[in-house]
1. Among (1) without any contact (Cβ under 8 Å) to a residue 40 or more places away in the chain; (2) more than 14 Å from A101 (Cα to Cα), where does V62 come up short?
2. Counting only residues that are surrounded by 12 or more Cβ atoms within 10 Å (Cβ to Cβ), of a type in the set (S, T, Y) and modelled with pLDDT under 90, which one in the stretch 14-52 is nearest to the chain's Cα centre (by Cα)?
3. Can you tell me how many residues within the stretch 56-71 are part of a loop (DSSP other than H, G, I, E, B), buried (at least 17 other Cβ atoms within 10 Å of the Cβ) and at pLDDT 95 or above?
4. Tally time: how many residues in the stretch 1-13 are surrounded by 14 or more Cβ atoms within 10 Å (Cβ to Cβ) and over 16 Å from I35 (Cα atoms)?
5. Looking only at the stretch 88-98, which residues are over 16 Å from V63 (Cβ atoms) and in a loop (DSSP other than H, G, I, E, B)?
6. List pairs: first residue in the stretch 10-22 and acidic (D, E), second residue surrounded by 10 or more Cβ atoms within 10 Å (Cβ to Cβ) anywhere in the structure, Cβ distance under 9 angstrom, at least six positions apart or on different chains.
7. Tell me, please, whether a residue that is out of contact with any helix residue (DSSP H, G or I) (no Cβ under 7 Å at 6 or more places or on another chain) and aromatic (F, W, Y) can be found in the stretch 54-64.
8. Only residues in the stretch 69-84 that are closer than 18 Å to S33 by Cα count as the first member; pair them with residues that are charged (D, E, K, R), Cβ under 8 angstrom, at least 6 apart or cross-chain, and list the lot.
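The values are calculated or read from the model by the stated rules, or taken from the named source; none is laboratory data. In this text the structure is predicted, and so the values were computed from the model without any measurement. Heads up, the Cβs are rebuilt from the backbone with ideal geometry, glycines too, and the neighbour counts pull from every protein chain shown.
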Amino acid sequence: MKAVAAKAGAIQILELEPPSRTKGHLLIRTEFSAISPGTELSMARKSQNQPVLLGYSAAGVVVEVGENVTGWEVGQRAACYGGPYVRHAELLSVPANLAAAVPEASGRRKPPSPVSARLRFMHCG
């Protein structure tokens, strides 16, 4: 699976093993990942020779529901937040308590709010 990392001051796309099924977690296929230019650039500048995975907020679709997780179904949309679980990566293994259900859109899309319009998103799919 692909993931975005900072290493030696540069941004790179790495090929990593996908996360394994974990008790209490959701496996989420990332559709969107929020980018904070200040945070990402700061991490890149501070990175050394070891890659540092970037990201902390994403949205996607649940592809697996871990043991002891209730209230979630495969195919359900989810927003998730929190390092070290949420990254700019194709698949995320996230504790269920760091995820929130995203309702399906109905009708026409509303224009983004002024706050969300300032956010940049990376499309991973």
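1. Just one mismatch for V62, condition (2).
2. So, considering only residues that are surrounded by 12 or more Cβ atoms within 10 Å (Cβ to Cβ), of a type in the set (S, T, Y) and modelled with pLDDT under 90, the one nearest to the chain's Cα centre (by Cα) is S36.
3. First, pick out the residues of the stretch 56-71 that are part of a loop (DSSP other than H, G, I, E, B): 56, 66-71.
So of that shortlist, the ones also buried (at least 17 other Cβ atoms within 10 Å of the Cβ) come out as 56, 66, 69.
Subset that is at pLDDT 95 or above: 66, 69.
Summing the residues that are part of a loop (DSSP other than H, G, I, E, B), buried (at least 17 other Cβ atoms within 10 Å of the Cβ) and at pLDDT 95 or above in the stretch 56-71 gives 2.
4. 2
5. H88
6. E15/M1; E15/K2; E15/A3; E17/M1
7. Taking the stretch 54-64 first, the residues out of contact with any helix residue (DSSP H, G or I) (no Cβ under 7 Å at 6 or more places or on another chain) are 55-64.
Then keep just the ones that are aromatic (F, W, Y); that gives 56.
For the stretch 54-64, residues out of contact with any helix residue (DSSP H, G or I) (no Cβ under 7 Å at 6 or more places or on another chain) and aromatic (F, W, Y): present.
8. Going by the 8 Å Cβ cut-off, the qualifying pairs are R77/E104.
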